[in-house]
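K.L.:
Below is the structure I would like to discuss, written out as structure tokens.
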Amino acid sequence: MPLGSSSSAIQIQNPASASAIQNVPRTPTRITIHPVALFSILDHYLRRKDDQDRVIGTLLGIRTDTEVEVRSSFAVLHSETSEQVAVDMEYYRTMYELHHKVNPKEVIVGWYSTGSNLNTYSALIQNFYSQETTPFQAVHVSLNTGTEEGEQAGVKGYISSPAGVLPKPENAVFVPVPVELQFHESERSGIDLLTSTASSSTSTSSQPLTDLEILESAIQNVSNMLDRVLAYVRAVLAGEAKGDPAVGRYLMDTLGANTDDLEKGGFNARLQDTLMLSYLANLVRSQAEVSSRLALINA
């Protein structure tokens, strides 16, 4: 799920020998970020001081040759004035050590900030995190909350490249990198709940859905998608629309998939499990209520 508008990216680097290029890690071409990291950034922004224009923090996750996956983040205390920027290094080291004990597979991949302002201080902070992630490039995620007038909410990602004849930490070019939202299936219900709350006319949050309601909603979504596919196929067969070979091949691969599990009752078995769990939950709730009433009578 893309989080920002597409933009052309350039890469700036000095000429190097072939052997040196082979030893240099490849430049990230995509950043994926999980909802937990975004919520942590927003929570940090809401808890900021009144005189603080933006907040910064550390991004943690995993990386491949060309992709960075941001799984979590933590806030970093800092002060920023017109003359200098200061970061609480002791707090930063302590937070990373604690997080590393819990999630040893996650490493520092970059940093985040709120707002859309990239200045000299941003270049200095980027240089610091580049030293923390060496030999890999540090990524920077900028989250615009949209609270300022004329600013649109969104998430953008950057990497940096040195600029100028004499490289200096404060001289850097921020190159945009596509950012996408990625979440697990177990997080879908929470994302759907937040989406429905954001699109509702009232500001009150909805109640979490039960397992049966989630199953009903999923079946309804599948039914709607099948209706759209049938309408498309009928339009192509009737000559009302031009068929797309790529879509046709995708439909053939999807409909030709192995359905042995469904034919053997796999879906019915899972449905029975869901109904059984719902029944047991109601039974335990009723038993607890009866026990409490008996306790009141005996008292």
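K.L.:
Which one of Asn221, Ala235, Thr210 has its Cα pushed farthest toward the positive end of the charge dipole of the stretch 210-257, where Lys and Arg give +1 and Asp and Glu give -1 at the Cβ?
P.N.:
Ala235
K.L.:
Okay, which of the stretch 85-104 sit inside 15 Å, backbone N to the point 7 Å along the Cα-Cβ direction of Asp43?
P.N.:
99
K.L.:
Find how much the distance from Ile219 to Thr27 grows on full extension, using 0.36 nm per residue of separation minus their present alpha carbon separation; answer in nm with one decimal. Walk me through the numbers on the way to the answer.
P.N.:
On the way: separation 192, 0.36 × 192 = 69.12 nm, distance 4.14 nm.
Contour length minus the Cα-Cα distance gives 65.0 nm.
K.L.:
Using a 1.4 Å probe on the protein heavy atoms only, what accessible surface does Val284 show? Give it in Å² to the nearest 10.
P.N.:
90 Å²
K.L.:
Once R0 is set to 45 Å, what does the formula 1/(1 + (r/R0)^6) return for the Cβ-Cβ distance between Arg293 and Asp51, expressed as a FRET efficiency to the nearest 0.05? Mind dumping the intermediate values first?
P.N.:
Details: r = 56 Å, r/R0 = 1.24.
With R0 = 45 Å, the Cβ-Cβ based efficiency is 0.20.
K.L.:
Right, here's the next one. Relative contact order of the stretch 117-201, please, whole-number percent, based on alpha carbon pairs below 8 angstrom and at least 6 residues apart. Mind showing how you got there, number by number?
P.N.:
Values: 86 pairs, mean separation 18.4, N = 85.
This gives 22 percent for the stretch 117-201.
K.L.:
Tyr279: accessible area at probe 1.4 Å, nearest 10 Å²?
P.N.:
So the heavy atoms of Tyr279 present about 130 Å² to solvent.
K.L.:
Compute, for Ser116, the solvent-accessible surface of its heavy atoms (probe 1.4 Å) with the complete set of protein chains present, and express it in square angstrom to the nearest 10.
P.N.:
70 Å²
K.L.:
Rounded, prolate or oblate: which one fits the stretch 43-185, using the alpha carbon gyration tensor with axes a ≥ b ≥ c (rounded when a/c is under 1.5, else prolate when a/b beats b/c, else oblate)?
P.N.:
Numbers: a/c = 1.20, a/b = 1.09, b/c = 1.10.
Verdict is rounded for the stretch 43-185.
K.L.:
Students sometimes get this wrong: rank Glu289, Glu69, Glu216 by accessible area, probe 1.4 Å, all chains present, largest first.
P.N.:
Working: Glu289 95, Glu69 30, Glu216 125 Å².
Listed by decreasing accessible area, they come as Glu216, Glu289, Glu69.
K.L.:
Under the rule of at least 5 residues apart or a separate chain, name every residue whose amide H is placed under 5 Å from the amide H of Val55.
P.N.:
So Val55 has HN proximity to Thr114.
K.L.:
Quick one: Karplus J couplings for the stretch 222-234, per residue in order, coefficients 6.51, -1.76, 1.60, θ = phi - 60°, nearest Hz, x for Gly and Pro?
P.N.:
5, 4, 5, 5, 5, 4, 5, 5, 5, 5, 5, 5, 5
The values are calculated or read from the model by the stated rules, or taken from the named source; none is laboratory data. Keep in mind it's a predicted model, so treat the numbers as computed, not measured. No Cβ is skipped: glycine too gets one built from the backbone with ideal geometry, and neighbour counts run over all protein chains shown. For accessibility, only protein heavy atoms count, side chains too; no ligands or nucleic acids. Shrake-Rupley method; radii C 1.70, N 1.55, O 1.52, S 1.80 Å.
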